[in-house]
Structures are given as C-alpha cells and as structure tokens.
Amino acid sequence: MGFLELMLLAVGLSMDALAVSICKGLAMDRVTLGRMVLVGLWFGGFQGLMPLLGWLLGSRFSLYITAIDHWIAFVLLGLIGANMVRESREHDDESVSDSFRFMTMLPLAVATSIDALAVGVTFAFLQVDIVPSVSFIGAITLVLSCIRVKVGHVCVSK
C-alpha cells in the first residue's frame, strides 16, 4: 500500500470522528490546547488501536475466514446500514456534552473507530506493514480531531 492510498484511507477513517470532534468544540465554553489534544488522543488512539486489533484477528483467523470473508463483510455492512436507517427514523432530541469523563469518551472513541477494525482485518489479507500504517492512521486522526474541535468552537462563537 502506497503513501497516497494510506493517506486517503486515514482521512476517510477519521471522517466519523469529524462530527464528534466538531460537536465537542460546539459544546465547549472555552477551548484549550489541552482539551483539543485530549479529544485528539482519544480518537487518534482508538483509530490506531482498532486496525491493529483487526489485523491481529484477521491474521490469526485468515485461514478459516478466507472462504466466507465476502459474506462476513456483507452481513456487517448490512447491519451497519440497517442501524443507520433505524437511527434516521428516530425523532429523539440529541444532546451535546462537553464532558471528558472516561465513560463519556470511551463509547465515542469506540463508535467512531469500528470501521477501522474492519480495515485492520483487510490489512491482514493484504499483507500490509501494520505498525507504520496504524501509527499513521492514528496520527492523522489525532491532528484532524484537534483541528476540528477548534473549528466547532469557532463556528458557535460567531
């Protein structure tokens, strides 16, 4: 996998953290560098960790999964799509929290990095050099999340 492909993948994976980072910025009364970095570390850390876990699972079970991998991808993507349709039909009011507690940030970080887990499984089949790849994905998400917190805060303060 070349640099351009990895860059596009890293930016694409960080897109789900985009909305959450911007919302965190919108909810904050005051944005500090420490808060920006904290959000970046949560999202960047999990965006780097999840492909590593996916790669470990994929490389461990690749012999058993290869014959049905397309069906696994179909079912997972179908479930994600069905969940998105279900959520779009709900009319609940959503709230934005500026909390940085562990029990607030952990579900957000995991939810925004589930797709990175699937990418990690794919990495196992493509024989990707995993450590530089996941480090790059995590670093790109960290930087972009920091910037997005500030962008969200600037949008609300105008």
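Given a 1.4 angstrom probe, what's the average accessible area per residue across the range 1-57, in square angstrom?
Details: 2820 Å² over 57 residues.
Solvent-accessible surface per residue comes out at 49 Å².
Derived scalar couplings between HN and Hα for the range 130-140 equal 6, 5, x, 5, 5, 5, 5, 4, x, 5, 4 Hz in order, rounded to whole Hz, by the Karplus curve 6.51 cos²θ - 1.76 cosθ + 1.60 (θ = phi - 60°), x for Gly and Pro. Computing the accessible area with a 1.4 Å probe over protein heavy atoms, can you report the carbon and sulfur percentage for the chain? Answer for the chain is 70 percent, counting heavy atoms of protein chains only.
Charge tally for V149 (other residues, Cβ to Cβ under 10 Å; Lys, Arg +1; Asp, Glu -1): +4.
Between beta-carbons, use under 12 Å as the cut-off and find the net charge around G12, counting Lys and Arg +1, Asp and Glu -1. Numbers along the way, then the final one.
Details: positive: none; negative: E5, D16, D115.
Computed value for this residue: -3.
Over the chain, the ratio between the Cα radius of gyration and 2.2 N^0.38 Å evaluates to 1.12. Using θ = phi - 60° in the Karplus curve 6.51 cos²θ - 1.76 cosθ + 1.60, the 3J(HN,Hα) couplings for the range 36-53 round to 4, 5, 4, 4, x, 5, 4, 6, x, x, 6, 5, x, 6, 5, x, 5, 5 Hz; x is entered for Gly and Pro.
Taking the centroid of alpha carbons for each part, the range 95-158 and the range 7-52 are 5 Å apart. Computed from point charges on the beta carbon alone (+1 for Lys and Arg, -1 for Asp and Glu), the dipole magnitude for the chain about its Cα centre is near 420 Debye.
The values are calculated or read from the model by the stated rules, or taken from the named source; none is laboratory data. Computed from a predicted structure; not experimentally measured. All Cβ positions, glycine included, derive from the backbone under ideal geometry; neighbour counts span all protein chains shown. For accessibility, only protein heavy atoms count, side chains too; no ligands or nucleic acids. Shrake-Rupley method; radii C 1.70, N 1.55, O 1.52, S 1.80 Å.
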